[in-house]
Amino acid sequence: MGKLRSKVIRTALFAGITAAGAAALGALGQPLIIALGVRMASFVTTGFVCLGGALSVWSLGDLIVGAKREHDRILTEKKNTRSLLVDDDRTTVEDMTSPEATRERLVRIRMSSPGLAPLIDRCLFQMDRMDELQRRQGELIGLNKAAYLKDTVGTLDTVEREICLNLRGVVNQCIVAGEEADEQRLDMDKVESILAKNKKLLDQSKELLVVSADWIDRYNAQEGGADRSLLDNWIKVIQDTLSGIENR
């Protein structure tokens, strides 16, 4: 906005100087002709007016382009702000499962509705817990060079996306309730059901971490001969839970 204002001032300045200069040269009239001659006086006057006019036109064009860009920027900011808060047809499924986008929505709701802060903190705690499980699983695999457990990382990534997708339901409840809302304006039975599903997934993911560590120890001790059936069973348990949630 500051740049646009400076362009307005510059355009007005060029136009004003051109008009004032042309008027001054015109007022000199005869003395100017006597001093410079008819041809030179006409050349000076015409040149000044043309130069000033060209600068004014250029500045005006630059002002118009700048105004359009500023208008487009404001529209884009409004659109982006709305897309962070509203779940509509233009929002992709990938965005709904994005941890970054989900966390940002929740933080915005906590800021606009302090009465929902305890609920939002519960949602963020679930996301933090998932982040911690993923970090510990990655550290476990990295420490033991256990590339053979990459499928567990993929499983936890899927769980994280499902948790974010579930939390969309909480976000939607908060949007419907509006700003300055509290939990009394939400369908808390639905909210508690969502958080319970996420807790189940988190508990299963923690168990997968425990089983992974145990299997790594046996794998290292037996040089790759350890039975992996328990680990595979836990991956299947999580997948079955995910399938049950998705097909509810």
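Throughout, read-outs are computed from the coordinates displayed, never taken from laboratory work. Small disclaimer: the values here were computed from a predicted structure and weren't measured. Here the Cβ is made from the backbone with ideal geometry for all residues, glycine too, and neighbour counts use every protein chain on show.
Okay, here's what the table says:
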{"quantity": "Descending principal axes extents, the range 93-246, alpha-carbon based, whole Å", "calculated": "60, 28, 25"}
{"quantity": "Fully extended contour minus Cα-Cα distance, from Leu143 to Asn233, at 0.36 nm per residue", "calculated": "30.0 nm"}
{"quantity": "Two-site FRET efficiency, Glu179 against Phe125, from Cβ-Cβ distance with R₀ of 35 Å, rounded to 0.05", "calculated": "0.95"}
{"quantity": "Given Lys145/Lys199; Lys200/Lys236; Lys145/Lys200; Lys206/Lys236, the pairs whose alpha carbons are separated by over 26 Å", "calculated": "Lys145/Lys199; Lys145/Lys200"}
{"quantity": "Neighbour-limited loop hits for trypsin sites (Lys or Arg not before Pro), the range 94-147 (at most 15 other Cβ within 10 Å; DSSP other than H, G, I, E, B)", "calculated": "Lys145"}
{"quantity": "Rounded to whole Hz, the Karplus (6.51, -1.76, 1.60) HN-Hα couplings of the range 195-208, x for glycine and proline", "calculated": "5, 5, 5, 5, 4, 4, 5, 5, 5, 5, 5, 5, 5, 4"}
